[in-house]
Amino acid sequence: MCVIVLLWLCLASGFLLALLIHKLSPRFQTKHEQNPLFLFFQDLIRYGKTKQSKRDYWLHKLDVPKRWFWHFYAVSVVWNGLLLVLSLHLKLQNQSYPQWLTYLLSFLCGMQWNESQVPQLSTLLVQLFLWSHSLRRLLECLFVSVYSEGVIHIAQYMFGIGYYIILGLTVICSNNFLDAKGVGSLFHQLDLGHLSGTALFISASLLQHSSLVTLARLRTGNSGTVKTFDHGVPHGGWFELVSCPHYFAELLIYVSLGLVFGGLSLTWWTVVSYVLFNQALAAQLCQEFYMTKFEGYPRHRYAFLPFVL
């Protein structure tokens, strides 16, 4: 098993385990609520509004502002933009990746990495979509979302910085497992997987954006001027089905990229499994926050996946 697949499987398993532990925690929370390890676990999986109000003093020393989320997407725009430009250049020149990148990919992707591999249409599209997704999220963080004094753990911050760097390399690794039919001009490689994946990507991106606009307007109203930093109950659209449609949309975006890969890349589906459990945990914590804070919060809403979770 190659390093990159093992990495994503470990991350997916870790967040699945964290979700299960959290779901079971009410059974032993009273007994262990003062246990430093239990407190650290709870602090590590929470961020923003889901951070517990009563936290030990030392835990506050590990906080950074949640508004620094934009750093993640800035890094992604630069790094994945560079990889996209490099891949386009290599495709047009029918050249392989440079030696430094080939060595890195050989380590991450295993001995099966083909050093003469030329970037194919699926890879270029996924790189383009990943870059555009990061750019949109960067602009939303800077100009749409309204951040209060919420915080994230320094470990979450460092993970977020490295996440999109590894993700960009994972896209290239996935290129190595594509069918040989990908050889040839970009136009002749176009198939139903590319079209369906593109359609889902656009739809999911619009859903995520509209959900984030709805959340922002809870604090700004239609004027765009910040009126409050308090939390409110969102209504309308997919918020009537799930508490966190923006997290659901994030999962759909990654699924759409799997379709662009033709559904054949095991490497990419390990990434999707990580996103599933990561977003499921975040959505579960958000829904618990809403139900605790707002007595009349709609109980019929699912946390993350409509009619499932």
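For the reader, a short list of remarks on this structure follows.
- Unique match (being of a type in the set (S, T, N, Q), open to solvent by 40 Å² or more (accessible area, probe 1.4 Å), in contact with a Gly (Cβ under 9 Å, 6 or more places away or on another chain) and in a helix (DSSP H, G or I)) among Ser196, Ser203, Ser210: Ser210
- Within the range 218-229, restricting attention to residues that are under 18 Å from Thr50 (Cα atoms) and in contact (Cβ under 8 Å) with a residue 24 or more places away in the chain, the residue that is surrounded by the fewest Cβ atoms within 10 Å (Cβ to Cβ) is Phe229.
- Gly221 fulfils the conditions (1) modelled with pLDDT under 90; (2) within 29 Å of Trp131 (Cα to Cα); (3) part of a helix (DSSP H, G or I) except for a single criterion, (2).
- Flag for Glu250 being farther than 16 Å from Ser211 by Cβ and of a type in the set (D, E, K, R): no
- Condition met for Phe248 (surrounded by 15 or more Cβ atoms within 10 Å (Cβ to Cβ) and in a helix (DSSP H, G or I)): yes
- Among the residues of the range 150-161, some residue qualifies, meaning at least one is at pLDDT below 95, surrounded by fewer than 20 Cβ atoms within 10 Å (Cβ to Cβ), farther than 18 Å from Trp8 by Cβ and more than 18 Å from the chain's Cα centre (by Cα).
- Any hit, the range 291-301, residues being outside any loop (DSSP other than H, G, I, E, B), modelled with pLDDT of 90 or more and buried (at least 17 other Cβ atoms within 10 Å of the Cβ): no
- Residue within the range 132-146 that is of a type in the set (Val, Ile, Thr), assigned to a loop (DSSP other than H, G, I, E, B) and either at pLDDT below 90 or surrounded by 16 or more Cβ atoms within 10 Å (Cβ to Cβ) (or both) present: yes
The values are calculated or read from the model by the stated rules, or taken from the named source; none is laboratory data. Everything numeric here is computed off the predicted structure, so don't read it as measured data. As a convention, Cβ positions derive from the backbone with ideal geometry for all residues, glycine included, and neighbour counts pool all protein chains shown. All accessible areas refer to the heavy atoms of the entire protein, side chains included, with ligands and DNA or RNA removed. Shrake-Rupley method; radii C 1.70, N 1.55, O 1.52, S 1.80 Å.
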